[in-house]
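Colleague: Sharing a structure here in structure tokens format.
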Amino acid sequence: MSWHNQSESLEVLPNFLEENLLDDRTTGLQLDAFNPQLFRKNVEVVVSKLEEYLADSSIRGIELINPYKLLQQAKEIMNAPNKTWGSGEQEKLEAIIDLYLKTGIAIHSPGYMGRQFSGVIPLAGIIDLVNSTINQPSSFYEAAQLPNVVEEIMAHELNQFIGWEPGTFAMVTTSGGSLGTLTALLAARNDKFPQLWSQGFSALEGQGRPAIAVGDAHYSISRAAGILGIGEEQIVRLPLNEKKQICLEKVRPTLEAAAQKGLNVFAMVASTGTTTMAAFDPIEQLADIAQEKNIWLHVDGCHGASLLVCDQLRHKLKGIEKVDSFVWDAHKTMFVPGVCTLLFYKNKEKSYGAFHQDASYVFEKQPDVYTQFDRAQQNFECTKRPLIMNLWVTWSIYGRKLFADKLEYLCQLTKEAYGILEQEKDFETVHDPEMNILCFRYCPSNFDEKAWPEFQVMIRNRLKEEGTFFISKVNVNGKACLRVVFMNHKIEMDHFQLLLREIRKIGQEIIQNV
């Protein structure tokens, strides 16, 4: 076809669309679903519901519904016949939002003390709506220009609390701490065994079995070992002290014993804020040992790295500038929607070592000013949400102080709760909290600990079923404990005192009925 004929075709295209496509509105709802006015109406419905949700300060946890009953309710809404366009659909949307809010954990309530995800900064939720609507996959600059530039800005903004030389380090956003740690360990493995990516484990004959040394590690480390082909049996468990931190005195002997067994430890994983009780490993000293032994030191800072923005608490991450990589979950203690994980590398060049790829449809052979902002070669995702936008916008508008003030309040609240428990004869604390996680046990005088090893779990489950408070549980030294995670600035000490009264009431009811 000549250019002249192509032009004629383009001229008739609008008429063709008008006659053949737009008429579909009379026969179906497909095109109406994209109507901007309908979008506004739907947003107004949702915003109204969320405004009521955020304004509700009642003490509540979660309303547990039989999953089969909930399944039936959801089906009934989905299968309800549509009425006149614009009215029936709105009623159905309202019903869906009501059910969603009713069945969710009330993360903005003072009764929520259970998990490490928090009520988000409302503005961050609004930006997440923008992210979803304009839908810009952010692994490539040309697909998401502002998110890629913003990622660079936030890397340097947060580095002021780390201390690396500008231009020498890298930060990559990724979908969750588990994927971030897997990516870092893959970079560490390929750095130590560069031939493994192309040749597989057969290339490592005579070099010992690749191994990872860990402390009180998140379960994702075991998953990473399996995915990487390391195997759980090649995970070296570093002994812990009474504070559940990696015991420094036993690190070298443990690594040497592993070497004698034929294990080649290429990476060590420490934690700043363990999942169990938010313990902080001695990063600075571990970094010195790792450098001495030529081991990559990765830090799981998913929960605790946010303390870097707090003047009063930053010291808990002393030595973070010495580590090779660490992960930081902004969707935990930076209070933005999940997920938004920041993966930091001390050496920018090594941030490209996790993956080796060649795909002409996305990767450019000749980089230019635009592709230098691409992140796809550093992260697993190709289609990646613009994760950084929620954090950057809230940081830009509110500044560091919002995050620091809330974190410092939550940590102080946890200390006060610990002090109260220490004064209560029927409660037992199992650690001095380092952050905003507190583990304890209810041990009344009329309770025989040996008789009911699951007594604490029974209390937690009953508490959850009653729907006033939502807390979690964890095993410490082989014993079940109650666990609270203070993530909500609406929580005051009166709420914690009320929780203790509820625990006592439920505990005594269990004792009397068994």
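The values are calculated or read from the model by the stated rules, or taken from the named source; none is laboratory data. All values derive from a computational prediction rather than experimental measurement. Methodologically, a virtual Cβ is constructed for each residue, glycine included, from the backbone with ideal geometry; neighbour enumeration extends over all protein chains shown.
Colleague: With respect to Ile295, determine if the residue is of a type in the set (Val, Ile, Thr) and out of contact with any helix residue (DSSP H, G or I) (no Cβ under 7 Å at 6 or more places or on another chain).
Modeller: Answer is yes for this residue.
Colleague: Of the residues that sit in the stretch 441-460 and are of a type in the set (Lys, Arg) and surrounded by 11 or more Cβ atoms within 10 Å (Cβ to Cβ), which one is nearest to Gly478 (Cα to Cα)?
Modeller: By that ranking, first place goes to Arg441.
Colleague: Just a yes or no: is a residue in the stretch 77-87 in contact with a strand residue (DSSP E or B) (Cβ under 6 Å, 6 or more places away or on another chain), at positive phi and in contact (Cβ under 8 Å) with a residue 40 or more places away in the chain?
Modeller: Looking for residues that are in contact with a strand residue (DSSP E or B) (Cβ under 6 Å, 6 or more places away or on another chain), at positive phi and in contact (Cβ under 8 Å) with a residue 40 or more places away in the chain, one finds none in the stretch 77-87, hence no.
Colleague: Tell me the helices (runs of 4 or more DSSP H) entirely within the stretch 42-147 that contain at least 3 residues that are among the charged types (D, E, K, R).
Modeller: Fully inside the stretch 42-147 and qualifying: 67-79, 88-103.
Colleague: So which residues in the stretch 482-495 are in contact with a helix residue (DSSP H, G or I) (Cβ under 6 Å, 6 or more places away or on another chain) and in a strand (DSSP E or B)?
Modeller: Residue satisfying the conditions is Leu482 alone.
Colleague: Within the stretch 385-427, can you find the residues that are more than 14 Å from Lys332 (Cα to Cα) and not in a helix (DSSP H, G or I)?
Modeller: Arg385, Pro386, Gly399, Glu424, Lys425, Asp426, Phe427
Colleague: Suppose we filter Glu502, Glu492, Glu465 for residues that are surrounded by 15 or more Cβ atoms within 10 Å (Cβ to Cβ) and acidic (Asp, Glu); which single one remains?
Modeller: Sole residue among the options that is surrounded by 15 or more Cβ atoms within 10 Å (Cβ to Cβ) and acidic (Asp, Glu): Glu502.
Colleague: Ok, one more. Taking the stretch 176-229 as the region of interest, how many residues are of a type in the set (Lys, Arg), part of a helix (DSSP H, G or I) and farther than 27 Å from Leu387 by Cβ?
Modeller: 1
Colleague: Which numbered condition in (1) in a loop (DSSP other than H, G, I, E, B); (2) at pLDDT 85 or above is the only one that Arg375 fails?
Modeller: All conditions are met except number (2).
Colleague: Being without any contact (Cβ under 8 Å) to a residue 24 or more places away in the chain and either touching a strand residue (DSSP E or B) at 6+ places or on another chain (Cβ under 9 Å) or under 19 Å from Gln512 (Cβ atoms) (or both) is the filter here; which residues of the stretch 422-449 pass it?
Modeller: Of everything in the stretch 422-449, those that are without any contact (Cβ under 8 Å) to a residue 24 or more places away in the chain and either touching a strand residue (DSSP E or B) at 6+ places or on another chain (Cβ under 9 Å) or under 19 Å from Gln512 (Cβ atoms) (or both) turn out to be Glu422, Glu428, Thr429, Cys443, Ser445, Asp448, Glu449.
Colleague: Another one. Condition (residue is touching a residue at least 24 places away in the same chain (Cβ under 8 Å), more than 24 Å from Ala330 (Cβ to Cβ), surrounded by fewer than 19 Cβ atoms within 10 Å (Cβ to Cβ) and aliphatic (A, V, I, L, M)) applied to the stretch 272-290: is it met by at least one residue?
Modeller: yes
Colleague: Sticking with this structure for a sec: Filter the stretch 69-90 down to the residues that are modelled with pLDDT of 90 or more and over 26 Å from Phe117 (Cα atoms) and list them by number.
Modeller: Passing the criteria: Lys69, Gln72, Gln73, Lys75, Glu76, Ile77, Met78, Asn79.
Colleague: Let me ask something else. Is it true that Thr183 is surrounded by 20 or more Cβ atoms within 10 Å (Cβ to Cβ), modelled with pLDDT of 95 or more and in contact with a helix residue (DSSP H, G or I) (Cβ under 8 Å, 6 or more places away or on another chain)?
Modeller: no
Colleague: Restricting the stretch 305-361 to residues that are of a type in the set (Gly, Ala, Ser) and over 25 Å from Ala290 (Cβ atoms), which is surrounded by the most Cβ atoms within 10 Å (Cβ to Cβ)?
Modeller: Per the criteria, the residue is Ala330.
Colleague: While we're looking at this one, here's another question. Looking at Glu256, Glu249, Glu233, which one is at pLDDT 95 or above, of a type outside the set (Phe, Trp, Tyr), loosely packed, with under 15 Cβ neighbours inside 10 Å and more than 23 Å from His431 (Cβ to Cβ)?
Modeller: Only one candidate passes the filter, namely Glu256.
Colleague: Out of Thr333, Thr341, which single residue is β-branched (Val, Ile, Thr), in contact with a helix residue (DSSP H, G or I) (Cβ under 6 Å, 6 or more places away or on another chain) and closer than 30 Å to Gln497 by Cβ?
Modeller: Answer to the selection: Thr333.
Colleague: How many of the residues in the stretch 294-339 are without any contact (Cβ under 8 Å) to a residue 40 or more places away in the chain and among the basic types (Lys, Arg)?
Modeller: Matching residues across the stretch 294-339 total 2.
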